[in-house]
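Reviewing the structure listed below.
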Amino acid sequence: MKQEKLAIAAVPVQEWGDVYNREEALKRGTVFPELDLPFFAADGEDSMGGCVSGRTEEGGSREERMREIQEAGFYADDLRLYLDTHPEEEKAHALFRGAIQRKRELMREFARELYPLTPDCMAELYAEHPEQRGWLWQKGLPPWEGGCR
């Protein structure tokens with residue numbers, strides 16, 4: 001049997017540069033424009049399916065609020081991955097802290113005004129209203145049940 005050799009990859013280290021805003025990052029699938037490379041299967045398509053919603057001038061619809069939560073969460077996740085390999089990059093840390101704070105605030109507002117999305121949201125509501133006996137999911141459809149359609 002022929003002995004195969006392992007390959008050694010030469011991958012350049014990513015440098016900090018410009019970043020997309022939260023909305024554009026979610027659409028593009030990356031925070032970093034230099035990583036936004038063409039992929040033939042997704043060219044010209046919106047990969048967000050039924051959760052695509054236009055911006056509104058007022059407080060925003062449930063779908064718009066869900067979209068903002070997605071944007072903040074994606075932004076934080078992509079920056080966290082960058083920070084795994086670039087822990088000394090202060091600009092990335094600042095953007096990451098802002099993104100996780102924004103997501104927390106958006107989820108808190110969503111839970112107060114509509115319904116909790118996670119058990120953590122429920123815990124915050126219980127802390128504010130200890131007399132409450134339940135925060136039920138029946139106030140609205142979560143995304144996994146078609147809530148973004």
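With 17 Å as the cut-off, how large is the P(r) tail for the stretch 71-139, expressed as percent of Cα-Cα pairs? Pairs farther apart than 17 Å: 51 percent.
Any chance you could run the full-extension gain for Glu131 through Leu114? It's 0.36 nm times the residue separation minus the Cα-Cα distance, nm to one decimal. Could you put the intermediate results ahead of the total?
Details: separation 17, 0.36 × 17 = 6.12 nm, distance 1.88 nm.
Stretched fully, the Glu131-Leu114 segment lengthens by 4.2 nm.
How large is the accessible surface per residue of the stretch 66-108, computed with a 1.4 Å probe and reported in Å² as a whole number? Provide the component values of the computation, followed by the final result.
Details: 2310 Å² over 43 residues.
Here the per-residue accessible area is 54 Å².
The values are calculated or read from the model by the stated rules, or taken from the named source; none is laboratory data. The structure presented is a predicted model; accordingly, all values stated were derived computationally and were not measured. Quick note on the areas: whole protein, heavy atoms, side chains included, nothing else; ligands and nucleic acids left out. Shrake-Rupley method; radii C 1.70, N 1.55, O 1.52, S 1.80 Å.
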